[in-house]
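The values are calculated or read from the model by the stated rules, or taken from the named source; none is laboratory data. Worth saying up front: this structure is predicted, and the values here are computed from it rather than measured. As a convention, Cβ positions derive from the backbone with ideal geometry for all residues, glycine included, and neighbour counts pool all protein chains shown. All accessible areas refer to the heavy atoms of the entire protein, side chains included, with ligands and DNA or RNA removed. Shrake-Rupley method; radii C 1.70, N 1.55, O 1.52, S 1.80 Å.
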Amino acid sequence: MRGKGVQLHEVSMSFGDFTAVYPSNLDIKAGEFFSILGPSGCGKTTILRMISGFLEPTSGTILIGGQSVIGIRPNARPTCLIFQNLALFPLMSVIENIAFGLEARGIKKSKRRARAQELIKLVALEGHEHKKPGDLSGGQKQRVAIARALAVEPAVLLLDEPLSALDLKLRQHMRAELKTIQRQTGVTFIYITHDQSEALAMSDRIAVMNRGLIEQVDDTNAIYSRPATPFVASFVGEHNVFPGKVTACDAHYATIDTGQGVYRGRHYGGLQQGSEALIFVRPERLQIVNGSAIENTLTAQLERRDLEGPFIHLHMKSSVDNQPLLVHLTNAGNADQTLDNEQIIGFDANDALIMPSGKLASE
């Protein structure tokens, strides 16, 4: 099994007066684990359904393996779509579910059973061949759905939030399994999710969508460390955000005057002196200063302290304007330490990102 690349050229989708996806371009590489990430209603599932053929785009072209698939029925495309509800056949056994697509294509019984057994081994379901879906755990059902999809040897596997119904531990386990299966088969995976940690953990690259627009396409490190817009910065992971005005700017760093104070951080363009801007600092980049020298500082009141195993989350409020602040500390064995109500917290200029003002994910 080997994957094919998928290209979208100026693809859009409208339903009457409503535009679900504005003209968009994507270039997904063959054999890539590619995620489309965004909040509910942003258009990510619409893109998936256009690639699969269940929706025809209002405009634009979709290529799979360099060939246009516009006007080609879903069952004639080299794709397979796994729905959120999995849609397993409840009265069929595991092996019958997996072999169903092959039977529909007229493959001989001996060959389809042999192929189903190969896939049962691939997804680690040996010993469960004759169980019905109702006798399986949530994770096992997921693996049956994946094996059934892989049985027909698609070049592109489309997954529409398949882990959303699972509990946290099982989701984390299935992330690793999905990534392993994708690597073993070489099939191109296009994965839809609103869960940032899910996308970051599994993907080679991510497209972040907002209200029908693709705001950034990049690898996981760049999406997290170099977000292109305020929306991406505020949607992917957590941030402390301070608005203000730029007071100085050079090729790599800028200084911004906020209600909390004057701070310096890195930037990647689009700023000039006097312009409205936002400075973003991730909670894990804030630290309790305790008298040590650091470039950017502010005073905050401790509101609540939450222990989450290896991490301690400090919920604070600025002493200047009561703005909520979040600090993530590594639990270094001092989880029971007592902190004063008022703390000086700080961050290095390299740990802060300043960008032109824009819409945040919460707005």
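Values for this structure:
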{"quantity": "Dipole moment magnitude, nearest 20 debye, the chain about Cα centre, only Lys, Arg, Asp, Glu C-beta charged", "calculated": "2060"}
{"quantity": "Label of the coordinate-derived value, mean projected area of the Cα convex hull in nm², listed as (i) 22.0; (ii) 20.5; (iii) 17.2", "calculated": "(i)"}
{"quantity": "Whole-number percent relative contact order across the chain, with pairs defined as alpha carbons under 8 Å at least 6 apart", "calculated": "16"}
{"quantity": "At q = 0.13, 0.25 Å⁻¹, base-10 log of I(q)/I(0) for the range 22-102 (Debye sum, equal scatterers on each alpha carbon)", "calculated": "-0.53, -1.37"}
{"quantity": "The range 55-121: trypsin sites (Lys or Arg not before Pro) falling in loop per DSSP and having at most 11 other Cβ within 10 Å", "calculated": "105, 108"}
{"quantity": "Binned Cα-Cα distances of the range 183-238, short to long, each 5 Å bin given as a whole percent", "calculated": "4, 19, 33, 25, 12, 5, 3, 0"}
{"quantity": "Descending semi-axes in Å of the range 119-177, equivalent ellipsoid built from Cα gyration tensor", "calculated": "17, 17, 10"}
{"quantity": "For the range 69-82, 3J(HN,Hα) per residue [Karplus equation, 6.51 cos²θ - 1.76 cosθ + 1.60, θ = phi - 60°, Hz, x = Gly/Pro]", "calculated": "10, 4, x, 8, 5, x, 6, 9, 8, x, 10, 9, 10, 9"}
{"quantity": "Calculated P(r) tail over 21 Å for the range 210-363, as whole % of Cα pairs", "calculated": "47"}
{"quantity": "Using a Förster distance of 35 Å, the FRET efficiency for residue 290-residue 222 (Cβ separation, nearest 0.05)", "calculated": "0.60"}
{"quantity": "Table column - 3J(HN,Hα) (Hz), the range 24-34, Karplus curve with 6.51, -1.76, 1.60, x for Gly and Pro", "calculated": "10, 10, 9, 10, 9, 7, 4, x, 8, 9, 10"}
{"quantity": "Angle between the chain longest axis and helix 168-185 axis [Cα atoms, degrees, rounded to 10]", "calculated": "60"}
{"quantity": "5 angstrom amide H check on residue 229, placed H, neighbours 5+ away", "calculated": "none"}
{"quantity": "Å² of accessible area per residue within the chain, as computed with a 1.4 Å probe and no ligands counted", "calculated": "47"}
{"quantity": "With Cα atoms, 0 to 90° folded angle of helix 94-104 axis to the chain main axis", "calculated": "70"}
{"quantity": "For residue 209, distant residues with modelled amide H under 5 Å away", "calculated": "37, 38, 215"}
{"quantity": "3J(HN,Hα) from dihedral phi, the range 318-333, Karplus parametrisation 6.51/-1.76/1.60, rounded to Hz, x for glycine, proline", "calculated": "4, 6, 7, 9, 6, 5, x, 10, 10, 10, 9, 10, 6, 6, 9, x"}
{"quantity": "Sequence-separation-based contact order of the range 172-243, relative, with Cα cut under 8 Å and 6+ spacing, percent", "calculated": "20"}
